[in-house]
Amino acid sequence: MKFGTKVIHAGLQPDPATGAVVTPIYQTSTYQQKAPGDHKGFEYSRTSNPTRKALEDNLAALENGKYGLCFGSGLAAVDAVLKLLKTGDEVISTNDLYGGSYRLFTQGFAQLGIKFTFVPMNNTIAIEEAITPNTKLIWVETPTNPMMNIIDVAAVATITKKRNILLAVDNTFATPFLQNPLGLGADIVMHSVTKYLAGHSDVIMGALICKDEDLAKRLYFIQKSSGAVCGPQDSFLALRGIKTLHLRMQRHCENGKIVATFLRTHPKVDKVYWPGFDDHPNHLIAKKQMRNYGGMISFSLNGNSKEDAFKLMSTFKIFTLAESLGGVESLTCHPATMTHASIPSKEREKLGIVDSLIRLSAGIEDVHDLIEDLDSALKSI
Ligand SMILES: *Cc1c(COP(=O)(O)O)cnc(C)c1O
């Protein structure tokens, strides 16, 4: 089945009870048993729920995996992966990553005696050097947030496979439409379903997908034991959103390209970070592992003034100043004070997250309106 068919059909059947074509919202916590242990595969909705199960099966198919698990948020999914580890274990992570993941690593799991090392992963030598006998997990985010670096997942997988280290990839920015990390050698794919997958900025949800049965069993155990699951109503909304993922992504990519190209030629803009540019430092890796370049763009302003950046973002009429990304509507944010405020300022500057850096999530509106919005806001500074 091709991707555009999978989003609509994979893992989904007409409802066995009624024939309803659309997966119903099974708003129930529990299920009748004929005799103790004699049930239809569902016992209690923390463990499994038919609406959530349909979504989990659909996501597993989209990522070319076997097992899907959904959680109450993207970070609950990250949390579940980290719970595979124990005190003394070590994790090597992308140095340029989602601020919430960084906070969970350094202020959550570090306190339980798990050690985190952050390295620039487009340099595989830096990864090799950071590995110790206690390294159990490598955490990759690509494209990285907000600097849009691209990490060669297949190259990292070569390192992890040799040493029996788990490789997890946060595929939130790319989505399975653009890239499938399991096929590149990753063991676990993580998503903030909140973003492109659900796609309409109305749900908070996370997901994990894997192929290995033993790994899946351990993750299901954590999902059931910790109980950070999503509800049936949200599962329904995510399923509904996913049915147009391929169409939305196509438009996000087209709009992203036009917006990035416009910004690059604008005299008030300093740098534009978008992996589709030929001279992007990791463009060849992007070309190899992704099918297109997405709608996420970061840019900085000439003069690097925070005031200019703030003025610009509050002048926009269509780009809404808000955290998050990947919805149908265009959003903008200021990483240094919003999504990445939990990263110390010295670390931030080193990564390129300067005071005038602005991140855009190009939505699926008419691109002429997006360009006009950017153009008139840039005139105001
Ligand atoms: C938003 C996001 C997360 C966290 O997901 P939530 O659903 O907000 O908990 C993790 N990684 C990336 C790349 C994100 O953009």
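Numbers at a glance
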{"item": "Rounded Å value of the spacing that divides the Cα centres of segment 303-318 and segment 83-137", "result": "34 Å"}
{"item": "Cα-Cα over 30 Å, subset of K243/K271; K2/K317; K115/K162; K136/K243; K257/K306", "result": "K243/K271; K2/K317; K136/K243"}
{"item": "Crossing angle, helix 153-163 versus the chain [Cα axis fit, 0-90 degrees, rounded to tens]", "result": "50 degrees"}
{"item": "Carbon plus sulfur fraction of accessible area for the chain, probe 1.4 Å, in percent", "result": "53 percent"}
{"item": "Mean-position separation - Cα centroids, segment 149-173 and segment 216-262, in angstrom", "result": "21 Å"}
{"item": "Around T144: net Lys/Arg minus Asp/Glu count, Cβ-Cβ under 14 Å", "result": "-2"}
{"item": "Cut-off under 5 Å, modelled amide H: who pairs with T135 long-range", "result": "E90"}
{"item": "Angle between the chain longest axis and helix 367-379 axis [Cα atoms, degrees, rounded to 10]", "result": "40 degrees"}
{"item": "Rounded tilt (10° steps) of 245-264 against the dominant C-alpha axis of the chain", "result": "20 degrees"}
{"item": "Heavy-atom surface of segment 101-221, accessible at 1.4 Å and reported per residue (Å²)", "result": "36 Å²"}
{"item": "Peptide ranges 321-328, 34-41, 95-102 listed from the most packed, as the mean C-beta count within 10 angstrom indicates", "result": "95-102, 321-328, 34-41"}
{"item": "5 angstrom amide H check on F116, placed H, neighbours 5+ away", "result": "V91"}
{"item": "Cβ-defined net charge surrounding G100, 11 Å radius [Lys, Arg +1; Asp, Glu -1]", "result": "-2"}
{"item": "Theoretical FRET efficiency, 1/(1+(r/R0)^6), r = Cβ-Cβ of E372 and D38, R0 51 Å, to 0.05", "result": "0.20"}
{"item": "Loop-located trypsin sites (Lys or Arg not before Pro) in segment 78-133 whose Cβ has at most 14 other Cβ within 10 Å (DSSP)", "result": "K86"}
{"item": "Solvent-accessible area per residue for segment 245-379 (1.4 angstrom probe, square angstrom)", "result": "45 Å²"}
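The values are calculated or read from the model by the stated rules, or taken from the named source; none is laboratory data. What you see is a predicted model, and the numbers here were worked out from it, not measured in a lab. Positions of Cβ are backbone-derived with ideal geometry, glycine not excepted, and every protein chain shown enters the neighbour counts. For accessibility, only protein heavy atoms count, side chains too; no ligands or nucleic acids. Shrake-Rupley method; radii C 1.70, N 1.55, O 1.52, S 1.80 Å.
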